[in-house]
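The values are calculated or read from the model by the stated rules, or taken from the named source; none is laboratory data. A quick note: this is a predicted structure, and the numbers were derived from the prediction, not measured. Counting neighbours? That spans all protein chains shown, and the Cβs are built from the backbone with ideal geometry, glycine included. Note: accessible area is taken over every heavy atom of the protein model, side chains too, but ligands, DNA and RNA are not part of it. Shrake-Rupley method; radii C 1.70, N 1.55, O 1.52, S 1.80 Å.
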Amino acid sequence: MDFQGNDWFKLALNLRSSVIRNIKIQVLLTMVIALIITIFYQHGYSGFSQPILAGLIPGIVLGLILVFRTNTAYERFWEGWHIAGMTIFTGRNLSRQMWLTIPDKNLEERQEKAACLRLIAAFFIAMKQHLRHAGVDEQLKSVLSSEQSSKLQDVTNMPLKVTQWIGYYLTKQYTKQQIDTIQFASLNRLLDQLVECLSRCERILGAPMPHAYSIHLRHLLILYCFALPFQMVKDLQWWTVPVSGVVAFALFGIEAIGLEIENPFGYDPNDIPLDKLCHKLHKDIEELIASKILE
C-alpha cells in the first residue's frame, strides 16, 4: 500500500512527462490578465465585473470540443502502439520462420541468412527514422553493411528499400529450391504485413488534425480563459488570479496533451518509445541467431 502511494506521488511530480512546460506561457498570460483586472476592480472600476460573460462560451461546449480533440489524438496514439506491437510480432515470426525453414549448408550460407535476419531489425529501425523524417543513424548502421547504409542514404523510403532486400533474398532461396512454394508464399505474407505496418504508420503521420479545427479550439480557449477573470473578480477578489491560473492550466493542459500525442512517433516523452522497441526486436533476432550457432 505504501509503495502504491509513493508511486502515485512520484508520477504526480514527474514534470519531465508533463505538458507544463508547453503551456506555461498561456497560464502565466491568463494570470497576468486576471491580475490587471483585479487591480482595476480593487481601485473602484466596477465595470470590470461582468458575470454575464459566463454565457459567452458555455463550459459544456468547450468541454465537449476538448474531449473530442483529446479522444481523436488518443485514438491515433493507441493505433500507433498497436502497429508498433504488430511490427515486432511480425518481425519475430518472419525471423523465426526464415531461420528454421531456410537451410544453410555451410558457414557462408549461414552468415548470409543471419545478415538477412538482421534486415528485419533494420526495417523497424528504418521505419522509425522514416516516420521521424530522419536519415540513417548509428543504430541502423549497426545492423547493415557499409554498402547497404550508403544505398539507404539515397532513397526516400528506407524501410521499403529494406523489404526489397529481404524479398530478393527470399526469391533467391526459392529459385535455388531451398524453400518450396508454400514456404515462399508464407514468408512473403509476413513480409507484406511489415509493409502494411509501414503504410498504416504513414497514414497516421500524413493525416494530422485539420488546422481549422485546432485554430478554432485555441480561439475558444483564449476567449474563455481571458473572459474568466471578469466573471469571478467580484466574488473572489484577489483569489481571481490563482483560480484563473488553475482553470487555464487544466484547459490548456488538455489541449497540449492532445497535440503531443497526435503524432506518436516523435521524440516527446509521451510518444511511443520506438528506440527501445527497435532495440528489443534486434536483441531477439540476435538471440535467435546465437541459439542456432550454439547448437
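List of remarks:
- From the list Leu294, Leu259, Leu228, the one residue that fits, being of a type in the set (A, V, I, L, M), over 30 Å from Arg132 (Cβ atoms) and modelled with pLDDT under 85, is Leu294.
- Test result for Asn157, closer than 15 Å to Leu281 by Cα and open to solvent by 10 Å² or more (accessible area, probe 1.4 Å): no
- For region 177-199, a residue qualifies if it is open to solvent by 60 Å² or more (accessible area, probe 1.4 Å), under 29 Å from Gly266 (Cα atoms) and either in contact with a helix residue (DSSP H, G or I) (Cβ under 6 Å, 6 or more places away or on another chain) or not in a helix (DSSP H, G or I) (or both), and exactly one does: Gln193.
- Qualifying residues in region 136-189 (those that are of a type in the set (Lys, Arg) and over 19 Å from Ala121 (Cβ atoms)) - the one farthest from the chain's Cα centre (by Cα): Lys176
- Flag for Trp99 being among the aromatic types (Phe, Trp, Tyr) and touching a residue at least 40 places away in the same chain (Cβ under 8 Å): yes
- Among the residues making up region 239-290, those that are open to solvent by 20 Å² or more (accessible area, probe 1.4 Å) and among the aromatic types (Phe, Trp, Tyr) are Trp239, Phe249, Tyr267.
- Residue in region 80-101 that is open to solvent by less than 10 Å² (accessible area, probe 1.4 Å) and either among the basic types (Lys, Arg) or touching a Ser or Thr at 6+ places or on another chain (Cβ under 7 Å) (or both) present: no
- For Ile60, the conditions (1) over 26 Å from Lys276 (Cα atoms); (2) touching a residue at least 12 places away in the same chain (Cβ under 8 Å) all hold with the exception of (2).
- Cβ-Cβ under 6 Å pairs, at least 6 apart or on other chains, region 41-52 side in contact (Cβ under 8 Å) with a residue 12 or more places away in the chain, far side open to solvent by 80 Å² or more (accessible area, probe 1.4 Å): Phe48/Phe40; Ser49/Lys234
For every residue, the table says whether it meets (1) open to solvent by 10 Å² or more (accessible area, probe 1.4 Å); (2) modelled with pLDDT under 95; (3) out of contact with any Asp or Glu (no Cβ under 8 Å at 6 or more places or on another chain); (4) not small (Gly, Ala, Ser).
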position	(1), (2), (3), (4)
Gly59	yes, yes, yes, no
Tyr74	yes, yes, yes, yes
Trp78	yes, yes, yes, yes
Arg110	yes, yes, no, yes
Lys113	no, yes, no, yes
Arg132	yes, yes, yes, yes
Asp137	yes, yes, yes, yes
Ser142	yes, yes, yes, no
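- In region 200-214, the residues that are assigned to a helix (DSSP H, G or I) and surrounded by 15 or more Cβ atoms within 10 Å (Cβ to Cβ): Arg200, Cys201, Glu202, Ile204, Leu205, Ser214
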